[in-house]
1. Suppose we keep only residues that are in contact with a strand residue (DSSP E or B) (Cβ under 9 Å, 6 or more places away or on another chain) and hydroxyl-bearing (Ser, Thr, Tyr) within the stretch 34-77. Which one would you say is nearest to Asp202 (Cα to Cα)?
2. Take Lys238 and decide whether it is exposed (fewer than 14 other Cβ atoms within 10 Å of the Cβ), in the same structural domain as Ile143 (by TED's automatic domain parsing) and closer than 16 Å to Glu104 by Cβ.
3. So which of Ile74, Ile143 ends up being within 13 Å of the ligand (Cβ to nearest atom) and at pLDDT 95 or above?
4. Using the structure shown, decide if Glu69 is at pLDDT 95 or above and part of a helix (DSSP H, G or I).
5. Identify all residues within the stretch 1-26 that are touching a helix residue (DSSP H, G or I) at 6+ places or on another chain (Cβ under 6 Å), closer than 12 Å to Lys66 by Cβ and not charged (D, E, K, R); write none if there are none.
6. Go through Leu183, Leu92 for me and flag whichever is hydrophobic (A, V, I, L, M, F, W, C) and away from the ligand (no atom under 13 Å from the Cβ).
7. For the subset of the stretch 8-43 comprising residues that are assigned to a helix (DSSP H, G or I) and either acidic (Asp, Glu) or at pLDDT below 95 (or both), which member is nearest to the chain's Cα centre (by Cα)?
8. How many residues does the stretch 146-177 contain that are within 12 Å of the ligand (Cβ to nearest atom), free of Cβ contacts under 8 Å to residues at least 60 places away in the same chain and in a loop (DSSP other than H, G, I, E, B)?
Amino acid sequence: MDNINSVLFNAKKYLINNSINSANIDSEILLSSVLKKSKNHLLLNSSIKIDEDKIDTFNKLVERRKKQEPIAYILKQKDFWKSTFYVDRNVLIPRPDTEILIEEILYNYSKNQKLSVLDIGTGSGCIIISILKDRPNFKGTAIDVCKNALNVAKYNAKIHQLENRIKFYKSSVDNFFKGKYDLVISNPPYINKFDLKYLERDVIGFEPSLALEGGIDGFTVLKKVIKKSSRLLKIGGKLVLEIGFDQKLKVIKLLKKEKYFVNKIAKDYGNRDRCVICTKL
Ligand SMILES: C[S@@+](CC[C@H](N)C(=O)[O-])C[C@H]1O[C@@H](n2cnc3c(N)ncnc32)[C@H](O)[C@@H]1O
């Protein structure tokens with residue numbers, strides 16, 4: 001029977017030989033999930049023997065990682081903001097950059113405010129769920145054009161005991177006319193068709209293109225979100241948008257045309273302009 005040390009050593013070597021850059025950390029994450037022990041436990045107990053069936057399960061996961069499947073899809077979970085979300089291949093894996101939207105919103109609204117919030121393109125539901133968990137008087141509406149994505153968001157709302165505070169609609173932003181909101185949030189697909197092929201294989205090979213691709217210029221869905229939110233927002237309500245690092249100027253132009261006042265452009269952890277906060281005039 002092999003021990004933790006040798007099983008990990010073989011997996012790391014195998015992944016490195018197959019050009020997986022994060023071979024070390026990936027092997028440790030996968031083994032700790034199979035053994036249901038922390039990574040520290042693995043490192044401190046490296047001579048402990050592992051059962052053959054567990055090694056088999058682990059090797060199957062390593063094989064999937066070798067084919068560049070993201071760890072989040074293999075383990076069916078991803079940490080985002082303060083919570084863990086269920087994810088599968090129907091939804092974008094929540095990104096740390098999107099946490100900037102959450103930070104900005106929580107900074108702008110206090111604990112006891114009552115707000116009606118719409119999340120356009122909810123995917124896993126990570127944005128609306130994170131905000132509603134921290135703002136108990138907010139009520140949410142979440143839409144997505146993809147039925148399977150919406151089912152993931154509903155499941156996450158249930159896990160986080162928010163199913164009674166969020167209404168879900170399968171709808172494209174084009175066809176959604178319901179309600180008036182104090183706050184609209186969206187992380188729409190904004191990568192242009194031509195740049196898609198330059199994304200890492202982990203992303204382009206596994207994540208849904210509906211969540212990534214924003215048409216020929218990257219603005220197809222963004223434009224719709226800006227235009228439609230202008231109808232769905234109350235006067236004085238805010239729109240908070242995630243955008244691509246090179247989309248700021250065009251987005252500001254579109255916003256001004258639709259009578260928004262741009263309050264702030266927040267930067268991501270790489271110092272790029274990625275989050276727009278604006279007010280419906
Ligand atoms: C970039 S993902 C964001 C997912 C999630 N909000 C997040 O931040 O992780 C964009 C989402 O928008 C949805 N979507 C794409 N086109 C849409 C449209 N026209 N109307 C509504 N949702 C759309 C996709 O299905 C996808 O779930």
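1. In this case the residue turns out to be Ser46.
2. Values: exposed (fewer than 14 other Cβ atoms within 10 Å of the Cβ): no; in the same structural domain as Ile143 (by TED's automatic domain parsing): yes; closer than 16 Å to Glu104 by Cβ: yes.
The answer is no for Lys238.
3. Ile143
4. Spelling it out, it is not the case that Glu69 is at pLDDT 95 or above and part of a helix (DSSP H, G or I).
5. Answer for the stretch 1-26, where residues must be touching a helix residue (DSSP H, G or I) at 6+ places or on another chain (Cβ under 6 Å), closer than 12 Å to Lys66 by Cβ and not charged (D, E, K, R): Ala11, Leu15, Ile16, Asn18, Ala23.
6. Leu183
7. My answer is Asp26.
8. Looking only at that region, the number is 3.
The values are calculated or read from the model by the stated rules, or taken from the named source; none is laboratory data. Everything numeric in this text was worked out from a predicted model, so none of it was measured. Methodologically, a virtual Cβ is constructed for each residue, glycine included, from the backbone with ideal geometry; neighbour enumeration extends over all protein chains shown.
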